[in-house]
1. For THR49, indicate whether it is more than 30 Å from LEU221 (Cβ to Cβ) and polar (S, T, N, Q).
2. Looking only at the range 207-219, decide whether some residue is in contact (Cβ under 8 Å) with a residue 24 or more places away in the chain, surrounded by 14 or more Cβ atoms within 10 Å (Cβ to Cβ) and assigned to a loop (DSSP other than H, G, I, E, B).
3. Name every residue in the range 170-206 that is of a type in the set (A, V, I, L, M, F, W, C), at pLDDT 95 or above and in a loop (DSSP other than H, G, I, E, B), in order of residue number.
4. Residues in the range 145-161: is at least one surrounded by fewer than 16 Cβ atoms within 10 Å (Cβ to Cβ), assigned to a helix (DSSP H, G or I) and among the small types (Gly, Ala, Ser)?
5. Those residues that are away from the ligand (no atom under 16 Å from the Cβ) and on the phi > 0 side of the Ramachandran plot, I need them from the range 121-174; list them, please.
6. Give all pairs with beta carbons closer than 7 Å in which a residue from the range 61-89 that is more than 12 Å from PHE108 (Cβ to Cβ) meets a residue that is in a strand (DSSP E or B) and among the hydroxyl-bearing types (Ser, Thr, Tyr); count only pairs at least 6 apart in sequence or on separate chains.
7. List pairs: first in the range 14-31 and farther than 20 Å from LEU141 by Cβ, second of a type outside the set (Val, Ile, Thr), Cβ under 6 Å, 6+ apart or cross-chain?
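The values are calculated or read from the model by the stated rules, or taken from the named source; none is laboratory data. Keep in mind that what you see is a predicted model, and the values were worked out from it rather than measured. For neighbour counting, all protein chains shown are included, and Cβ atoms are generated from backbone atoms with ideal geometry for every residue, glycine included.
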Amino acid sequence: MRIDILTIFPEMFQSPFDASIIKRAREKGLVEIHAHNLRDWTTDRHKTTDDTPYGGGGGMVMKPEPIFAAVEDIKGEEDIPVILLTPQGRLFTQEVAEELARHDRLLFICGRYEGVDERVRAHLATDEISIGDYVLSGGELAAMVIVDAVVRLLPGALGYERAAAEDSHATGLLEGPHYTRPPEFRGWAIPEVLTSGHHARVAEWRRKQALKRTLERRPDLLARAPLSEQDKKWLREMGYQGPFGDRENQD
Ligand code: 6GU
């Protein structure tokens, strides 16, 4: 996969993409990430990327000309997703990450200031994404969040290949607790079942813990999660009354 990011702060992307999973994915050749400076496509002496809004009001608006020139240069003749990062976009979820991970190329436009000229949204962007209902100073941090979530889905990016499929949200549920050594720490022992060696009992315990944690913290997820009849029975025993989604779990 190749990812291009258009920003007035390309330096922000250096260290986050030079650590951990993304660094390893880049080293393995699974992904190539280019952060481009929008100012390279300005034509005036001051490398201006913003201007005052028509009709007045506070703040500045990002000019369309350098953004169009940069996107056209970067994508060439290819038909690729051109994603505008904006609080007005569709909400980023694990499903959206999975959808983006299926593309060979992605191009992100990081908006700054109070906004981006509407013609970028209307005639250049093919998608608009927000990472949540809060305000960031710009799209840069949102781009990093999305790139991280997408890159870890690329085949070969994780050491433990089943991990991505078992993650919180990939299953539609939150994950249950995890433990490692020592078996007792400051008087707190790990659940006995984990040392029993009974794989089926461990699997059942894990599933129940995930259901319990989801019920306690994010019951809204249960209406959409793929659940087996056994899951539903356990949830009813935990006091959950429904609703259940109609996506069935094949287990
Ligand atoms: Cl994509 N941009 C900005 N500026 N703020 C946000 C966002 C994006 N997503 C959530 N808040």
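1. Working: more than 30 Å from LEU221 (Cβ to Cβ): yes; polar (S, T, N, Q): yes.
Considered against the rule, which asks whether it is more than 30 Å from LEU221 (Cβ to Cβ) and polar (S, T, N, Q), THR49 comes out as yes.
2. Kept after step one, since they are in contact (Cβ under 8 Å) with a residue 24 or more places away in the chain, are these residues of the range 207-219: 207-215, 217-218.
Retained after the next criterion (residues that are surrounded by 14 or more Cβ atoms within 10 Å (Cβ to Cβ)): 207-215, 218.
So of that shortlist, the ones also assigned to a loop (DSSP other than H, G, I, E, B) come out as 218.
Yes, the conditions are met somewhere in the range 207-219.
3. LEU173, LEU174, ILE190
4. Within the range 145-161 (the criterion being surrounded by fewer than 16 Cβ atoms within 10 Å (Cβ to Cβ), assigned to a helix (DSSP H, G or I) and among the small types (Gly, Ala, Ser)), the answer is no, since none of the residues qualifies.
5. Scanning the range 121-174 gives GLY156, HIS169, GLY172.
6. Once the first residue is more than 12 Å from PHE108 (Cβ to Cβ) and sits in the range 61-89, its partners that are in a strand (DSSP E or B) and among the hydroxyl-bearing types (Ser, Thr, Tyr) give PRO87/SER130; GLN88/SER130.
7. The qualifying pairs are LEU30/LEU154; LEU30/GLY156; LEU30/ALA157.
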